[in-house]
Amino acid sequence: MPACDRVAYFNTGATGPSPGRVLDASAAWERYHKVDVLAESDPYEVAFAEYERLRERLAAFLDAPADAVGLAESTADGISAVAAALDWEPGDTVVRTDIEHPAGTLPFDRLARRHGVEVRVVETDDGRIDTDEFADAVAGADLACFSSLSWNYGTRLPVRELCEIAADAGAFTVVDAVQSPGQRPLSVPEWGADAVACSGHKWCLGPWGAGLLYVDPSAEADLHPAQISYRSVESPAADEYDLKPGGARFERGTASLAPHVGLREAVETMESVGLDAVENRIHRLAGRLTDRLDDERLLSPADPDSGLVVFDASDPEATVERLHGEGLVIRDLPHPEAVRASVHAFNTEAEVDRLAEALNAAE
């Protein structure tokens, strides 16, 4: 990982450092498609075959059927597409938590502004959700959106239970899963969500621009994309179009394949290490960090749910800048006002100890 030759990198929760083989795979595809294929074959035929191979391979990473998964640009792209694909009327209700990333809030703020949709916000306690309060909020609601793993506390939400509660209430469920893939093995269909959006540029260590959108087969008939193109439909030349199944109905036009080719390489790299081994090492290293931090200033769980460790600082931006000068890359958070370290399997014990010492010294 070229970036890790220069700094001790603890900001994977924002964007992960890609291994050299991932960067090489993306660049090699771009050159192949724009040089060799142009001289030897049909670039559209080659690209469309590659879209299908990528969808199948990346769906397997989520333990999902290939026809349920679409290639998206990002988590925000997937959530926005789903929000715009449902029919809305004034008085309809969306439920979300107070720990959602803007990717999971802005599409529904737009619905409130444009269509008179009510947005109910379930408050959490340091990233922990009360399922009874969620059940009260989702009663009579049309949609619920929540994260699988909170970006600002590093807490793991009970996704399957929340999906079951929402389903019993008749609400469509959308899960922001961006912080989960690459931290642990996943089986997205087991969550029971109607739609799940994620990106590969964080814990999977893939390029920007490569996201995935899972749509449960039982829910796809409810989704009518606001934008479609020849990649969204079964037969572009048909007199009447039929949308593709699952998340593929949201795919549009001649999107670059290079990011998803890079993500495929990143996924295969992670799997060659073993996701169980990755999860165990993340937990061990994150626990090593929390064990060495001042308990009174630790805002995420002392026994980490994930590699995200959140720590109080009087001036988060200044702390991030100071640590960067020491070769330690973390980030500041707007809510809570704090700093966040992302501990991944590629980090070392020595780096973790350096980080703990630097954080404890922060005012």
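Please say if region 110-152 is rounded, prolate or oblate, where rounded means a/c under 1.5 for a ≥ b ≥ c the square roots of the C-alpha gyration tensor eigenvalues, and otherwise the choice is prolate for a/b larger than b/c and oblate otherwise? Cα axes put region 110-152 in the oblate bin. Measuring max minus min along each principal axis, the C-alpha atoms of region 175-228 give extents of 33, 27, 12 Å (largest first).
This structure gives Cα extents along the principal axes in Å, computed directly, and of (i) 68, 56, 33; (ii) 109, 65, 42; (iii) 72, 48, 47 that value is listed as (i). Solvent-accessible area per residue in the chain equals 44 Å², computed with a 1.4 angstrom probe and all protein chains kept. Amide H contacts under 5 Å for Leu308: Val343, restricted to partners 5 or more places along the chain or on a different chain, H placed in the peptide plane at 1.01 Å from N. Using a probe of 1.4 Å, the accessible surface attributed to Phe61 totals some 20 Å² when neighbouring protein chains are kept in position.
The accessible surface of the chain, taken with every protein chain in place and a 1.4 Å probe, is 46 percent carbon and sulfur.
So what's the back-of-envelope 222 nm ellipticity for the chain, counting only DSSP H runs of four-plus at -39500 (n - 2.57) apiece and dividing by all residues, rounded to 500?
Value at 222 nm, helices only: -11000 deg cm²/dmol.
The GNM of the chain, with springs linking C-alpha atoms under 10 angstrom apart, assigns the highest mean-square fluctuation among Glu123, Glu40, Glu73 to Glu40.
Pull out a ≥ b ≥ c, the square roots of the eigenvalues of the alpha-carbon gyration tensor of region 23-72, then state rounded if a/c is under 1.5, prolate if not and a/b is larger than b/c, and oblate in the remaining case. It comes out oblate by the Cα gyration axes.
The label-point distance for Glu240 and Arg31, in a model that sets each label 7 Å from Cα toward Cβ, rounds to 5.0 nm.
For region 1-131, the direction-averaged projected area of the alpha-carbon convex hull comes to 12.5 nm². Can you tell me how region 257-296 classifies by the Cα gyration tensor, rounded, prolate or oblate, using a/c under 1.5 as the rounded cut? It is oblate, given that a/c is not under 1.5 and a/b is not larger than b/c.
Dividing the alpha-carbon radius of gyration of region 66-191 by the rule-of-thumb value 2.2 N^0.38 Å gives 1.00. Placing Thr12, Thr269 in order of accessible area, with the largest value first and a 1.4 Å probe, yields Thr269, Thr12.
Subtracting the Cα-Cα distance of Ala350 and Glu296 from 0.36 nm times their residue separation leaves 17.1 nm of extension gain. A simple rule links phi to the HN-Hα coupling: the Karplus curve 6.51 cos²θ - 1.76 cosθ + 1.60 with θ = phi - 60°, which for region 109-123 gives 4, 5, 4, 5, 6, 8, 10, x, 7, 8, 10, 9, 10, 8, 7 Hz, with x for Gly and Pro. Just checking the listed ones, Asp42, Asp291, Asp109: in the Gaussian network model of the chain with Cα springs under 10 Å, the one fluctuating most is Asp42. Antiparallel versus total DSSP beta bridges in the chain: what percent is that, nearest 5? Taking every DSSP beta bridge within the chain, about 50 percent pair in antiparallel fashion. Build a GNM of the chain with springs between Cα atoms under 10 Å: which of Val174, Val22, Val121 gets the top mean-square fluctuation? Highest fluctuation of the listed residues: Val121.
The values are calculated or read from the model by the stated rules, or taken from the named source; none is laboratory data. Every value quoted in this text rests on a predicted model; they were computed, and no experiment measured them. Methodologically, a virtual Cβ is constructed for each residue, glycine included, from the backbone with ideal geometry; neighbour enumeration extends over all protein chains shown. In case anyone asks, the SASA skips ligands and DNA or RNA and just uses the protein heavy atoms, side chains included. Shrake-Rupley method; radii C 1.70, N 1.55, O 1.52, S 1.80 Å.
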